[in-house]
1. Checking the condition under 23 Å from the mean Cα position of the chain (by Cα), farther than 20 Å from Val406 by Cβ and in a loop (DSSP other than H, G, I, E, B), which residue from Leu332, Leu358, Leu351 passes?
2. List every residue pair whose Cβ atoms lie under 7 Å apart, where the two residues are 6 or more positions apart in sequence or sit on different chains, the first residue falls within the stretch 69-93 and is modelled with pLDDT under 95, and the second residue, located anywhere, is in a helix (DSSP H, G or I) and among the hydroxyl-bearing types (Ser, Thr, Tyr).
3. Enumerate the helices (runs of 4 or more DSSP H) found wholly within the stretch 207-310, keeping only those where 2 or more residues are of a type in the set (Ser, Thr, Tyr) and either within 30 Å of Gly172 (Cα to Cα) or at pLDDT 95 or above (or both).
4. In the stretch 8-21, which residues are buried (at least 19 other Cβ atoms within 10 Å of the Cβ) and part of a strand (DSSP E or B)?
5. Conditions: (1) out of contact with any Lys or Arg (no Cβ under 8 Å at 6 or more places or on another chain); (2) more than 12 Å from the ligand (Cβ to nearest atom). Val248 meets all but one. Number of the miss?
6. Of the residues that sit in the stretch 288-313 and are within 16 Å of the ligand (Cβ to nearest atom) and of a type in the set (Val, Ile, Thr), which one is farthest from Ala265 (Cα to Cα)?
7. Residues being more than 15 Å from the ligand (Cβ to nearest atom), of a type in the set (A, V, I, L, M, F, W, C) and buried (at least 24 other Cβ atoms within 10 Å of the Cβ): count how many of those fall in the stretch 255-270.
8. Identify the residue in the stretch 271-287 that is among the aliphatic types (A, V, I, L, M) and touching a residue at least 60 places away in the same chain (Cβ under 8 Å) and, among all such residues, is surrounded by the fewest Cβ atoms within 10 Å (Cβ to Cβ).
Amino acid sequence: MTLVRGTFLDTPVAGELRTLDGVVQVEDGVVTARGPASDFPAPDVDLRGGVVLPGLVDTHVHYPQVRAIGGLGMPLLDWLDRCALPEECELAAPDYAAAVASEFVDGLVRAGTTTALVFGSHFATAVDALFTEAARVGLRVTSGLVVSDLLLPADLHTSPARSFEEGLALAGRWHGVGRSRYAVTPRFSLSCSPALLEASADLLGSLDDALFTSHVNENPAEVAAVADLHGGYVDSYDRYGLLGPASVLAHDVHPTDAELAVLAARGTAVAHCPTSNAALGSGLFPLRRHADAGVRVALGSDVGAGTGFSLLKEGLQAYFAQQLLGPEGVPLTPADLLHLATVAGADALGLADQVGHLSVGMRFDAVWLRPPSGSTLDVVLRSAAGPDDALAKVFALGGPADVAGVWVDGTRIRS
Ligand SMILES: [Zn+2]
């Protein structure tokens, strides 16, 4: 049993910030009690100074694109051709993939991310390298083999039969093993034939509790190209039975109302990736339309089109995007931003009963933010008017440099 002293902020109820300046008791990785410090003996771990948040949940991030971060100045399809895809081809080499896997997992943990739905690699050996590294470090990861058979460089192509066999083998090694789970992952329907999407559906149907993830409605030129190839974008997945409550589609910046209705009916979640949307000029995310339609939304960093691993930055950019939408935007509060980065992500990934907040019965996945003494965040936190104000300052100024500790299942995986 471990008693952790600190200032804990979380959002078990959407829109409501909960604060505990006290103690959280952790046994076998699970929160078993919480309350004022006077209710407990002397703590084992003292995290006073700064704030403790639930571990952050990234619902869309590309493992092979760490080294592609920062390719600014291009729309989606040009960025893929010139920045992302040449780098993704490099992961055919096992040593290269292992190095990138290490950089990637380390980048997530340094940012305070404890759970992630990760877009894997087109190469099975590289996906093994990712799962191996995530398990070694302790990250809670869901990932899978990315598959395509159209449009991309030939090195990144597979066949329907091979995609099924390699996916099944990877899932056999990793799905449900420790904290790892498998996600069936066609890259996007623009790079997938009907036969490959059918094979993806076969694989999904043959695995218990696997996730499905892909991209949708990111950029107008992409949406038009998908329309030529498949017809509707959401329908290009839905017609194969790929959309359900365990499905996460990234972006959805340009949905039709009919598509939002389908996503809501299927229970499919959307990973909103605001720095990526801004960097690629994809557009301002219609959060209000998603909310009105009843579509679940969480946050993703979308590294490497996104500009870093920190979900604090994504939260801030989500806030900016909604502000820029004027009356069509949703005015997000600090509690909303934390909810998007934690509880909403856990819910999108089917982990809402395990992580996302620090209530009794939940896993102790947490991040301690203690800014360096004298940093601007340190200065402004000391003058915060209250917990909501402190959290606003964390989203405005916080980043990986402020992460002083990260826990998964009660085990500290970064100091
Ligand atoms: Zn993406």
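The values are calculated or read from the model by the stated rules, or taken from the named source; none is laboratory data. What you see is a predicted model; the values in this text were computed from it and never measured. Glycine also receives a Cβ, built like all others from the backbone with ideal geometry; neighbour counts cover every protein chain displayed.
1. Answer to the check: Leu332.
2. Pairs found: none.
3. In the stretch 207-310, 233-238, 274-279 are the helices (runs of 4 or more DSSP H) which contain 2 or more residues that are of a type in the set (Ser, Thr, Tyr) and either within 30 Å of Gly172 (Cα to Cα) or at pLDDT 95 or above (or both).
4. Listed by number, the residues that qualify are Phe8, Leu9, Asp10.
5. (2) is the only condition that Val248 fails.
6. Only one residue tops the list, namely Thr307.
7. Looking only at that region, the number is 1.
8. Only one residue tops the list, namely Ala279.
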